[in-house]
Structure formats: structure tokens, C-alpha cells
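Everything on this sheet refers to the single structure shown next.
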Amino acid sequence: MTDRTERQDEKPAEWEPRIAAFLCNWCSYAGADLAGVSRIQYPPNVRVIRVPCSGRINPLFVVKALQSGMDGVLISGCHPGDCHYISGNLYARRKFALMKNLLEYVGIEPERVQFSWVSAAEGIRFAELLHKVIDTVREIGPATRMIKEVEAVQ
């Protein structure tokens, strides 16, 4: 039995969503680091992926995360006007506005993919954002539409 099938059969009280968080190296990742250094508690079921800029995230990374069993995805970058690469965060915002429409078209709840701005000085805001994302995905339930199942080789 696959790990995903076991997760679907669990009681809702036992299930915890798994979140992939793509964080900009300069601001959002530094905000996550500040949350950790400040000992601000945030859920352990978030997998942080550091990227040079939120504008460099290919939408296929999000699709692959959902296919690989993640229940939600967070993309976070610098605030507008603070991007170290001038306008990368603005490109990311446009990209993911279109991507949410595409996901909705193919039957994926658009709330599974969330986009936000977090600066390096916003450790508390980062932790609150993660709680909000996890609560939203928990309300939706486990992702089952895009899961790519691989059979075990015997």
C-alpha cells in the first residue's frame, strides 16, 4: 500500500497537511531564519526550498510538488520594490496569478497554492503565514487529484 493511500484512509483528526514552501533567498528565507533564531514556533510539516528569487520559480515546480504528494504550496518573495533582482517578485506575482487559474481549470483547488510577501525582518509574520496556509489546506483536505502513484518493484 502506498504512503498516499494510507494518508487518505486516516481520520481527519490525525491527518496533517504537507506544505512545500518556495522562499526567496534574500527576504522570505531570511524571515524564516529569523523565526527560527527567535524561537518562534511554526509547524514542522513545512518543507522549505530556498530559491534565488521568487521570479525564478517555474510553475512546473509547483505542479511537481503537488504530484509528489504535497498538499499545498507556498511561494514567498520580497515585498514589491525590495527585490534584489529589481522586478523578479513582480514577475512571480503575474506568473502565479495565471497558474491559480490554470489549476482551477484542471480541478485543483486554487487555495492549495498561495503567494505572499515576507521581508527578512518579518519572522513573526512568516510563522503566522505558515499557520494560515496550513489551516487553509487542512480545511480543503488531502490532495488526491494530481498524485502520481509509483508501483513498488519486487
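Which of (1) touching a Leu at 6+ places or on another chain (Cβ under 7 Å); (2) surrounded by fewer than 20 Cβ atoms within 10 Å (Cβ to Cβ) is the odd one out, the single condition residue 39 does not satisfy?
(1)
Between residues in the stretch 37-63 that are free of Cβ contacts under 8 Å to residues at least 60 places away in the same chain and residues that are of a type in the set (Lys, Arg), which pairs lie under 8 Å by C-beta distance while being six or more apart or on different chains?
Note: pairs meeting the criteria are 47/18; 55/95; 57/95; 59/95.
Determine, yes or no, whether residue 47 is surrounded by fewer than 20 Cβ atoms within 10 Å (Cβ to Cβ), among the basic types (Lys, Arg), part of a helix (DSSP H, G or I) and out of contact with any Cys (no Cβ under 7 Å at 6 or more places or on another chain).
Answer is no for this residue.
Quick one: is residue 74 closer than 21 Å to residue 34 by Cβ and assigned to a helix (DSSP H, G or I)? Even if it seems obvious, please write down each step before you answer.
Working: closer than 21 Å to residue 34 by Cβ: yes; assigned to a helix (DSSP H, G or I): no.
Criteria not met by residue 74.
Out of the stretch 101-115, which residues are crowded, with 20+ Cβ neighbours inside 10 Å and part of a helix (DSSP H, G or I)?
103, 112
I'd like to know if the stretch 125-133 contains one or more residues that are surrounded by fewer than 16 Cβ atoms within 10 Å (Cβ to Cβ), within 13 Å of the chain's Cα centre (by Cα), assigned to a helix (DSSP H, G or I) and not small (Gly, Ala, Ser).
Yes, some residue in the stretch 125-133 is surrounded by fewer than 16 Cβ atoms within 10 Å (Cβ to Cβ), within 13 Å of the chain's Cα centre (by Cα), assigned to a helix (DSSP H, G or I) and not small (Gly, Ala, Ser).
Quick grid of which residues meet (1) under 19 Å from residue 47 (Cβ atoms); (2) modelled with pLDDT under 95; (3) of a type in the set (Val, Ile, Thr):
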site: 89; (1), (2), (3): no, yes, no
site: 104; (1), (2), (3): no, yes, no
site: 116; (1), (2), (3): yes, no, no
site: 120; (1), (2), (3): no, no, no
site: 123; (1), (2), (3): yes, no, no
site: 134; (1), (2), (3): yes, no, yes
site: 137; (1), (2), (3): yes, no, yes
site: 145; (1), (2), (3): no, yes, no
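The values are calculated or read from the model by the stated rules, or taken from the named source; none is laboratory data. This one's a predicted model, so the numbers in the text were calculated from it and none came from an experiment. Every residue, glycine among them, receives a Cβ derived from its backbone with ideal geometry; neighbour counts consider all protein chains shown.
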